[in-house]
1. Going down the list LYS42/LYS82; LYS57/LYS402; LYS203/LYS402; LYS45/LYS402, which pairs span over 25 Å between their C-alpha atoms?
2. Using the Kirkwood radius built from alpha carbon pairs, what does the Stokes-Einstein equation give as D for segment 149-414 at 25 °C and 0.890 mPa s, in µm² per second?
3. Go ahead and set up a Gaussian network model of the chain, Cα springs under 10 Å, then flag whichever of VAL152, VAL283, VAL52 fluctuates most.
4. Relative to 2.2 N^0.38 Å, what does the C-alpha radius of gyration of segment 262-415 come to as a ratio? Two decimals please.
5. Return, ordered by residue number, the residues of segment 62-86 whose backbone nitrogen is under 17 Å from a label point located 7 Å along Cα→Cβ of SER113.
6. Could you work out how much longer the chain between SER3 and SER281 gets when fully extended? Use 0.36 nm per residue separation minus the Cα distance between them, nm to one decimal.
7. GNM, the chain, Cα, under 10 Å: largest mean-square fluctuation among SER383, SER113, SER404?
8. Taking just the C-alpha trace of segment 135-198, give me its Rg and Dmax in Å.
Amino acid sequence: MLSQEENELLTRVGPGTPMGELLRRYWYPIAATSELIERPTKGVKILGEELVLYRDKQGRPGLIGSQCAHRRMSMLLGIPEKEGLRCAYHGWLYDRNGKCLEQPYEQAEDPNSNFKEHIRMPAYPVQELGGLIFAYLGAEPVPLLPRWDLFVRDRVLRDIGAAVIPCNWLQIMENSLDPVHVEWLHQHFYNYVQERLGHSDFKGNPVSHKKINFRVFEYGIIKNRMLEGESEDNEDWQVGHPVLFPNILLSGSTSRPTFQIRVPVDDTHTLHFWYTCYARSEVKEPQEVIPFYHVPVPGYDKTGEPQWSLLDNDSGEDMMAWITQGGIADRGMEKLGLSDKGIILYRRLLREQLEKIQAGQDPMNVFRDPAKNVYIKLRLEDSKLNRGSFRPGPRRQGGATKYSPILDQEEQARK
Ligand code: FES
Ligand SMILES: [Fe+2]
């Protein structure tokens, strides 16, 4: 249980809040590269700030304030040019640093005008890696964009799913420190969902947890879980799976690992990416375009009935749990038990990293040495839960990969 004050401290992400300051020390994916192919601008909200992502005519991505500095028309309708983005209303042109380069009428009437020198739009650095576009909104010097394992791995196909989830980022992260929910939400409740859908034949036999353990490691927290029939000698128990501080879970299986990346949009919304690699030994070159897909967010229909068909997979079930905890879960009302020790450890880690930045130090996972950022390798257990052997239902219902375009293509090819 947390006091109201502690809950506020850990959940508020806007500019000037302590957690907002800590979270600004990291790079965040804000779009898939492929999202800017059809349309060169995308509205983005991150850490409470409204921005517009665009690609200029030289192919460079840029990220600037969403409203024009002149009279506030949306830059989402801006026209991409060689040097930046031009506002549709009166043609003011901004570069990637937010500098105003042209004000056509001002310069026509007064060629000596230096008005544009006084204009500045918010603008942030962006970089691309592994088919994602990342932004950094924090203090300088700008750290390196971490080259986490799946972003740079060879011999894989990839796809990227995304959804905006109407709840605070922290309850999503806390779910990643909570192995016991897998037994209940993704097995017992899954069976109930299949029953509701009239698919009793898809029901599985739940596997229970015997023991859970958590330890802080170089990049975050490793979770270990022991299932019935397993022991401490079991390799899965020793390897576990990592939560990368502050916002990435490595999930899935060794042959189909997924990064679940949680990007705080504002206090009550989170942009969630499912970044999956499908191991394919025959793949020599990375895909030219990594397919992007939207993951539907479950809720209730008009009659108040849960959307059962969206709840037959881990991601749908997880989202329903996160959303129904409330916009910001009231941790003053919670009752933590033995199943929640990972959550308690993660909250402690957050507080420790807050203290670090307050002491003027870099928090965990801020990389500045390129030699340590070539390929940040991670290990993942190969638990029977990850392999989805629990589910006798359709192969696709593992998680967000239910909606995967790569699996669609492979299914088509087999027909
Ligand atoms: S509002 Fe953008 S140029 Fe006038
Ligand atoms: Fe889950």
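Read-outs throughout are calculated quantities, based only on the coordinates presented, and are distinct from any laboratory measurement. Small disclaimer: the values here were computed from a predicted structure and weren't measured. Backbone-built Cβ (ideal geometry, glycine too); neighbour counts: all protein chains shown.
1. Listed pairs above 25 Å: LYS57/LYS402; LYS45/LYS402.
2. 125
3. Evaluated over the chain, the most mobile residue of the options is VAL283.
4. On the way: Rg = 19.8 Å, N = 154, 2.2 N^0.38 = 14.9 Å.
So segment 262-415 has a normalised radius of gyration of 1.33.
5. 68-73, 86
6. Length gained, SER3 through SER281: 95.0 nm.
7. Among SER383, SER113, SER404, the largest GNM mean-square fluctuation belongs to SER113.
8. 18.1, 56
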